[in-house]
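Each reported figure results from applying straightforward, stated rules to the coordinates on display, with no laboratory input. Bear in mind the structure is a predicted one, so any value in this text is a computation, not a measurement. Don't worry about glycine lacking a Cβ; one is built from the backbone with ideal geometry, like all the others, and counts go over all protein chains shown.
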């Protein structure tokens, strides 16, 4: 059977691309080795981050680099084999992290973020997934007066871009979350118009179900080879061969492996995260996700329990799990909340797809016709999936684009 479009990758980004295309009368096949929302889109902090108007540059100050070097931090850790393997991408990351470059990059990045909640709402309403969404924001906790003052200043500036917040004292924090111990904190920012999701995987699955209800097809199988043919594409999988007129690669950190045989080698590198759930009781109930800004981890209320999500680990995709970072985080988290019984016997680990200029790749391929890319969203694939899906659909169907797509083109790395 031939399809108008095949989308490879059923995380939040790929599912959203498939949904938008099917919604606009394309015949779409969505392919992934696992069911929708089972990989990176399962393991995030469960936030749709309207406030995320700033990127995360490579540390350039000497004090910050010295802090990271001992490799004992809770926000970022690294493994030497990954540094060696991805050294060229990391060098580019460092080069893109000058103040002037970051200012330009953030201006482009913000054109995507400003639409994140409205584009999610379109898909939430269509999918009947409102019960998974809480719209009363999340808490950014600060231990240091200096970082707190800097964050408040940035938050005030963010009002110009429609980002809403309140500044909270420790006393006000205790009223909002009486189960938590805030003795080591100096205050917090309550981001008001960002949303919490109680089960990120189920939200992706709700979008995927609605995609199927519109006539879309999902195949759970691994992709072995992609071949361009006259007039379209052949996708050879573990179980079958599929044909399409158009092809979209939205496979997150696996995307480069799929497109390298076609002659593309983009500087994508993975950043791993870990999480573990703990059973909820009357002593540790919380109502908002809480991000410890100075230590770089998130505590969030989920359907599965309280999810503790680490920062990032620079490692290769297939490296064995290393729970050292998570164990250090849990020591800190237990000072804030009484976390006793773990839900899982082993913590989850998954990789986020990152690009050195801190922007995703969204756009048509430059060596092949009828081929599009949608990956590299770093920590914000869950937030930006629906927005990306809309843009890809607009490009494929040659519609006016909601935003300028040129800053996100794959061509930017070949110039």
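The table below gives the values:
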{"quantity": "Spacing of the two label points (7 Å from each Cα toward its C-beta) at residue 122 and residue 262, in nm", "calculated": "2.4"}
{"quantity": "Residue 224-residue 4 pseudo-label distance in nm [points 7 Å out on the Cα-to-Cβ vector]", "calculated": "3.0"}
{"quantity": "Radius ratio Rg over Rh of the chain, counting only Cα atoms, Kirkwood formula for Rh", "calculated": "0.95"}
{"quantity": "Cα-projected label distance for residue 174 with residue 159, points at 7 Å along beta-carbon direction, nm", "calculated": "2.8"}
{"quantity": "Between helix 99-113 and the chain: long-axis angle, C-alpha atoms, 0 to 90°, nearest 10", "calculated": "70"}
{"quantity": "Cα convex hull of region 195-352 - mean projected area over all directions, nm²", "calculated": "12.5"}
{"quantity": "Equivalent ellipsoid semi-axes, region 71-199, via Cα gyration tensor eigenvalues times 5, rooted, Å", "calculated": "29, 24, 18"}
{"quantity": "Kirkwood Rh in Å, taken over region 245-313 so that all alpha-carbon pairs contribute", "calculated": "15.1"}
{"quantity": "Between region 325-342 and region 174-211, the alpha-carbon center distance in angstrom", "calculated": "18"}
{"quantity": "Computed E for residue 80/residue 335 - FRET, C-beta separation, R0 25 angstrom, nearest 0.05", "calculated": "0.20"}
{"quantity": "Kirkwood hydrodynamic radius (C-alpha pairs) into Stokes-Einstein, region 94-140, 37 °C and 0.692 mPa s, D in µm²/s", "calculated": "247"}
{"quantity": "Antiparallel DSSP beta bridges within the chain, percent to nearest 5", "calculated": "70"}
{"quantity": "Sum of -39500 (n - 2.57) over DSSP H runs of 4+, divided by residues of the chain (222 nm, nearest 500)", "calculated": "-9500 deg cm²/dmol"}
{"quantity": "With Cα atoms, 0 to 90° folded angle of helix 116-127 axis to the chain main axis", "calculated": "70"}
{"quantity": "Between region 224-269 and region 72-140, the alpha-carbon center distance in angstrom", "calculated": "25"}
{"quantity": "Expected-Rg normalisation [2.2 N^0.38 Å, Cα atoms] applied to region 252-292", "calculated": "2.12"}
{"quantity": "For region 1-133, alpha-carbon Rg relative to the globular expectation (2.2 N^0.38 Å, N residues)", "calculated": "1.36"}
{"quantity": "Estimated FRET transfer efficiency when R0 is 35 angstrom, pair residue 150-residue 35 (beta carbons, to 0.05)", "calculated": "0.25"}
{"quantity": "For 66, 217, order by how many other beta-carbon atoms lie within 10 Å, fewest first", "calculated": "66, 217"}
{"quantity": "Alpha-carbon Debye profile of region 319-415, log10 I(q)/I(0) at 0.18 Å⁻¹", "calculated": "-0.87"}
{"quantity": "Cα-Cα pairs of region 168-238 separated by more than 19 Å (percent)", "calculated": "67"}
{"quantity": "Rounded to 10°, Cα long-axis angle of helix 324-336 versus longest principal axis of the chain", "calculated": "50"}
{"quantity": "For region 231-282, average projected area of the Cα convex hull in nm²", "calculated": "7.1"}
{"quantity": "Most to least packed among 121-127, 314-320 [average Cβ atoms within 10 Å]", "calculated": "121-127, 314-320"}
{"quantity": "Dimensionless Rg ratio for region 274-360, taking C-alpha atoms and the 2.2 N^0.38 Å reference", "calculated": "1.15"}
{"quantity": "FRET efficiency estimate (nearest 0.05) - Cβ-Cβ, residue 282 to residue 62, R0 41 angstrom", "calculated": "0.30"}
